[in-house]
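These notes concern the structure reproduced below.
Since every read-out is calculated from the coordinates, none of them should be taken as a lab result. Source: prediction; values computed, not measured. With ideal geometry, Cβ positions are generated from the backbone for all residues, glycine too; neighbour counts draw on all protein chains shown.
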Amino acid sequence: MNSNQTPPRFVPTLTEVVQPGSQQDLSPSSPATASLEQFEDQMVHRVMQRVDLVLERRLREAVGQLILTHTQALGPRLREEIELVVRESVSQAVAQELPRGPGDYPA
């Protein structure tokens, strides 16, 4: 399908709100026209339900993969930061515990 083609008139776009019966003419000219419009409404409704299910599943998969990728990339950086903080904390604690001058030694 060419991407420049416009969709048929009865297919809703993502910006439209589809209401039940929105495609029905208030005064159908014949029972065949009413039946065709009802069929179109049902078809649109079923297609939109299928699209919704597929879209929900695919979005869930995409978001899950994105979170996994970011978590894997974040892990090594977190370890580096934690290691730096622990080293600085231990170094500071040891420096505070070591005697500073000749008068600091216990007798």
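So here's what we get for this one:
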item: Positive-pole candidate from VAL47, ALA73, VAL86, dipole of the stretch 31-97, charges at beta carbon; result: VAL47
item: The stretch 31-97: mean projected area of Cα convex hull, nm²; result: 6.5
